[in-house]
Amino acid sequence: METVETLRVPGPWTVAQRDELPDDGKRYEVIDGVLLVNAAPRPAHQGVLVSLAILLRTAAPEHLKVHVAPLDVVLADDTVVEPDVLVARAADFSDLNLPGPPLLAVEVLSPSTRSVDLVLKKERYERAGIAGYWLVDPAELVLTVHELRDGQYVEVARVTADETWSTQVPFPVTITPRDLRY
């Protein structure tokens, strides 16, 4: 069964402490000193993730890179996240991770991580200045698009399964959520 646990230990967690945890197949993220432990995602989640990543990678200009989790995005000493899909400038990556905010972070909603993605990550991504935050609901095949305006996310599109949506941010791409089904 897919679960999320929020673990608290004496004192806040740091990225360095998280890096000392065993490589046991779970996703470990730290948001504002709180350790989040996620089980492996379900096939529907991964199918949408792969389809979206391929679509974005095909459309991305050469100076931008599209990556999928697990890939660490270090936002602060007490915050390391692994967006399901991200877009960042190629020059911004280190050999180990992305040491700063991407241009776009995408989370594919899962039953166990839904509230984390809708509230905790949205707020943290907003504070980090990530220009675009997309949420994809694989059960409903709905894409919700947020853009950072004056330091706050504004929902600019809610695209249902059979609708087609085009954007120029972070590069020109057209998406029909039904096509993301794997």
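The values are calculated or read from the model by the stated rules, or taken from the named source; none is laboratory data. Fair warning: this is a prediction, and the values are worked out from it, not measured in the lab. Note that each Cβ is placed from the backbone with ideal geometry, even for glycine, and that neighbours are counted across all protein chains shown. Areas reflect the complete protein model, heavy atoms only, side chains present, ligands, DNA and RNA absent. Shrake-Rupley method; radii C 1.70, N 1.55, O 1.52, S 1.80 Å.
Things to note:
- Residues in segment 21-57 that are at pLDDT 95 or above and in contact with a helix residue (DSSP H, G or I) (Cβ under 7 Å, 6 or more places away or on another chain): 3 in all.
- Some residue of segment 114-123 being open to solvent by less than 50 Å² (accessible area, probe 1.4 Å) and assigned to a loop (DSSP other than H, G, I, E, B): no
- Being more than 10 Å from the chain's Cα centre (by Cα) and within 26 Å of Arg149 (Cβ to Cβ) holds for only one residue in Leu86, Leu96, Leu103, and it is Leu103.
- Residue that is modelled with the lowest pLDDT, among those in segment 163-172 that are closer than 19 Å to Asp84 by Cα and open to solvent by 10 Å² or more (accessible area, probe 1.4 Å): Val169
- The set of residues from segment 124-180 being among the β-branched types (Val, Ile, Thr) and part of a strand (DSSP E or B) comprises Val136, Val142, Thr144, Val145, Val154, Val156, Val159, Thr167, Val173, Thr174, Ile175.
- Any pair with Cβ under 7 angstrom, 6 or more apart, that starts in segment 83-97 at a residue that is among the aliphatic types (A, V, I, L, M) and ends at one that is open to solvent by 50 Å² or more (accessible area, probe 1.4 Å): Val85/Val68; Leu86/His67; Ala88/Lys65; Ala90/His63; Ala90/Lys65
- Members of segment 21-75 found to be farther than 21 Å from Ala131 by Cβ, touching a residue at least 12 places away in the same chain (Cβ under 8 Å) and either among the small types (Gly, Ala, Ser) or in a helix (DSSP H, G or I) (or both), listed by number: Gly25, Gly33, Ala39, Ala40, Pro43, Ala44, His45, Gln46, Gly47, Val48, Val50, Ser51
- Of all residues in segment 98-119, those that are closer than 15 Å to Arg27 by Cβ and touching a residue at least 12 places away in the same chain (Cβ under 8 Å) have Cβ atoms under 6 Å from Cβ atoms of residues that are surrounded by fewer than 16 Cβ atoms within 10 Å (Cβ to Cβ) and hydroxyl-bearing (Ser, Thr, Tyr), 6 or more apart or on another chain, in Ser112/Thr3.
- Enumeration of residues in segment 1-20 that are modelled with pLDDT under 90, open to solvent by less than 50 Å² (accessible area, probe 1.4 Å) and in contact with a Leu (Cβ under 9 Å, 6 or more places away or on another chain): Val4
- Pick from segment 142-162, criterion touching a residue at least 24 places away in the same chain (Cβ under 8 Å) and open to solvent by less than 20 Å² (accessible area, probe 1.4 Å), ranking: nearest to Arg127 (Cα to Cα): His146
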